[in-house]
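Here the structure is laid out as structure tokens; the discussion comes afterwards.
The values are calculated or read from the model by the stated rules, or taken from the named source; none is laboratory data. All values derive from a computational prediction rather than experimental measurement. As a convention, Cβ positions derive from the backbone with ideal geometry for all residues, glycine included, and neighbour counts pool all protein chains shown. What goes into the accessible areas is simple: the full protein's heavy atoms, side chains included, and nothing from ligands, DNA or RNA. Shrake-Rupley method; radii C 1.70, N 1.55, O 1.52, S 1.80 Å.
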Amino acid sequence: MSIFQSNKTGAAAKARLNTCLREDRTHLTNRELMLIRLDVLAALSEYVEMERESMKVSLVHGGQNEPNSLLISVPILVRKAK
Amino acid sequence: MGEAIVITSGKGGVGKTTATLNIGAALALKGAHVVLVDTDIGLRNLDVVMGLEEKVTYDLIDVLEGKCRIRQALVDDPRFFGRLHLLPAAQTRDKREIEAEQMRSLAKELKGMFDFVLIDCPAGIETGFVNAVAGADSAVVVTMPEVSSVRDADKVISILKALSMPKPKIIVNRLRTKMVRRGDMMDENDMAEMLACELLGIIPDDETVIRAGNLGEPVVRGTSPVSLAYRNIAERLQGENVPLQVLHREKFSIFRKLKRKLG
Ligand SMILES: Nc1ncnc2c1ncn2[C@@H]1O[C@H](COP(=O)(O)OP(=O)(O)OP(=O)(O)O)[C@@H](O)[C@H]1O
Ligand SMILES: [Mg+2]
């Protein structure tokens with residue numbers, strides 16, 4: 001770790017704002033999001049091995065006239081053997 | 001026919017009144033005829049920020065109730081050669097005394113008299129907000145670079161959309177350039193992207209604004225970055241293509257170069 005490194009609170013603010021806006025715009029509660037995560041993980045786990053802990057759910061802001069998207073990403077390790 | 005623009009925000013205290021005055025003053029300096037309308041009924045303060053509090057005789061509600069003509073209620077700012085006027089809010093009345101339809105016809109009349117009608121909106125999203133927005137052709141949303149302020153701005157943007165207003169433009173006020181540079185504050189592009197709105201301007205946090213407020217003066221005549229920021233906004237509102245100032249570009253320093261090399 002660099003001797004100059006500090007905690008950059010700007011990035012934290014951006015991440016927290018993203019969470020707030022996701023809640024306000026989608027009206028999805030944290031509990032509902034957790035259920036979505038579990039459902040997606042269950043569906044994917046039929047086919048692939050994943051880094052479950054690294055799953056991310058974020059709001060992608062639409063342009064001037066485009067809708068927002070909910071982006072769910074999870075790193076995939078290998079295809080599951082049938 | 002002039003243009004009516006409401007200066008609004010979600011959170012209070014973010015700089016709407018200061019922006020209304022300084023954008024109006026900058027437009028007046030550029031030769032436009034401008035009226036500033038204070039719609040913060042019961043909490044009027046645009047007159048005080050302008051240093052015109054002793055000149056107020058009639059107010060917005062007197063005009064709407066027909067107690068006086070618009071011209072009688074307008075306060076001329078003598079520093080702007082008859083090009084900057086104020087229509088003060090009532091200090092002792094209730095916001096609910098105004099109706100949206102009255103604001104619409106008042107704004108229409110003012111647009112016939114001035115090039116720009118800048119409407120200073122009260123904080124919050126209640127009756128006062130709805131009335132202030134009613135007469136406007138477009139909106140400018142002021143936000144500070146903080147999570148709560150941007151979140152509330154987003155709420156207001158969605159209400160403006162529901163009211164069929166065109167997409168508002170954003171002013172990021174009180175940006176602390178050093179904090180952005182060291183990664184401790186969101187920058188203006190982060191905010192514009194999240195709010196999915198175009199930036200109208202970035203205003204640095206500057207004690208000049210507070211000193212000018214103490215004296216009841218606008219800051220637009222100075223040479224400070226904050227004066228330039230308001231003048232640029234005025235030019236953009238007049239349709240000029242003025243690039244956004246980059247307030248927080250990294251300055252060259254040996255220390256910073258060393259820091260980058262060391263990770
Ligand atoms: N760029 C700036 N730099 C420093 N101080 C500022 C700046 N802009 C505004 N302020 C200060 O912030 C305070 C609040 O500003 P202002 O009254 O314009 O906010 P407002 O949004 O109109 O508030 P309200 O919601 O109560 O109507 C004032 O003391 C003002 O001097
Ligand atoms: Mg105000």
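Brief remarks on what is shown
- Condition met for B:ALA90 (touching a strand residue (DSSP E or B) at 6+ places or on another chain (Cβ under 7 Å), open to solvent by less than 60 Å² (accessible area, probe 1.4 Å) and not hydroxyl-bearing (Ser, Thr, Tyr)): no
- Top-ranked residue in segment B:1-41 [being away from chain A (no Cβ under 14 Å) and either basic (Lys, Arg) or in contact with a Ser or Thr (Cβ under 7 Å, 6 or more places away or on another chain) (or both); ranked as nearest to ligand 2 (Cβ to nearest atom)]: B:LYS16
- Selection status of B:VAL172, within 26 Å of B:GLY239 (Cβ to Cβ), among the β-branched types (Val, Ile, Thr) and either in contact with a Lys or Arg (Cβ under 7 Å, 6 or more places away or on another chain) or away from chain A (no Cβ under 14 Å) (or both): no
- Qualifying residue in segment B:45-54 (condition: part of a loop (DSSP other than H, G, I, E, B) and over 21 Å from the mean Cα position of the chain (by Cα)): no
- In segment B:205-221, residue nearest to ligand 2 (Cβ to nearest atom) [restricted to those that are within 25 Å of B:MET185 (Cβ to Cβ) and open to solvent by 30 Å² or more (accessible area, probe 1.4 Å)]: B:GLY213
- Any chance B:GLU126 is within 15 Å of ligand 2 (Cβ to nearest atom), open to solvent by 50 Å² or more (accessible area, probe 1.4 Å) and not basic (Lys, Arg): yes
- A single entry from B:VAL48, B:VAL35, B:VAL75 fulfils the requirement of being of a type in the set (Val, Ile, Thr), under 19 Å from B:ILE23 (Cα atoms) and open to solvent by 30 Å² or more (accessible area, probe 1.4 Å): B:VAL48.
- Among residues of segment A:20-42, those that are assigned to a helix (DSSP H, G or I) and either away from every other protein chain (no Cβ under 14 Å) or surrounded by fewer than 17 Cβ atoms within 10 Å (Cβ to Cβ) (or both), counted: 16
- The lone criterion from (1) buried (at least 23 other Cβ atoms within 10 Å of the Cβ); (2) under 20 Å from B:LEU200 (Cβ atoms); (3) within 12 Å of ligand 1 (Cβ to nearest atom) left unmet by B:ALA25 is number (3).
- B:VAL141 fulfils the conditions (1) at pLDDT below 95; (2) within 30 Å of B:LYS178 (Cβ to Cβ) except for a single criterion, (1).
- Failed criterion for B:ARG211 (all others in (1) assigned to a helix (DSSP H, G or I); (2) in contact with a strand residue (DSSP E or B) (Cβ under 7 Å, 6 or more places away or on another chain); (3) away from chain A (no Cβ under 12 Å) hold): (2)
- Qualifying residue in segment B:10-20 (condition: more than 15 Å from ligand 1 (Cβ to nearest atom) and touching a residue at least 12 places away in the same chain (Cβ under 8 Å)): no
- Search result, residues across segment A:16-30 that are under 14 Å from the mean Cα position of the chain (by Cα) and among the basic types (Lys, Arg): A:ARG16, A:ARG22
- Pairs where the first residue, in segment B:101-128, is within 14 Å of chain A (Cβ to nearest Cβ) and the second is within 16 Å of ligand 2 (Cβ to nearest atom), C-beta under 7 Å, 6+ apart: B:ILE125/B:VAL156
- The residues listed here are B:VAL180, B:VAL133, B:VAL147, B:VAL156; of these, the one that is touching a Leu at 6+ places or on another chain (Cβ under 9 Å), open to solvent by less than 60 Å² (accessible area, probe 1.4 Å) and away from chain A (no Cβ under 11 Å) is B:VAL133.
- For segment B:184-197, taking the residues that are open to solvent by 20 Å² or more (accessible area, probe 1.4 Å) and farther than 19 Å from B:LYS155 by Cβ, the one that is farthest from the other protein chains (Cβ to nearest Cβ) is identified as B:ASN189.
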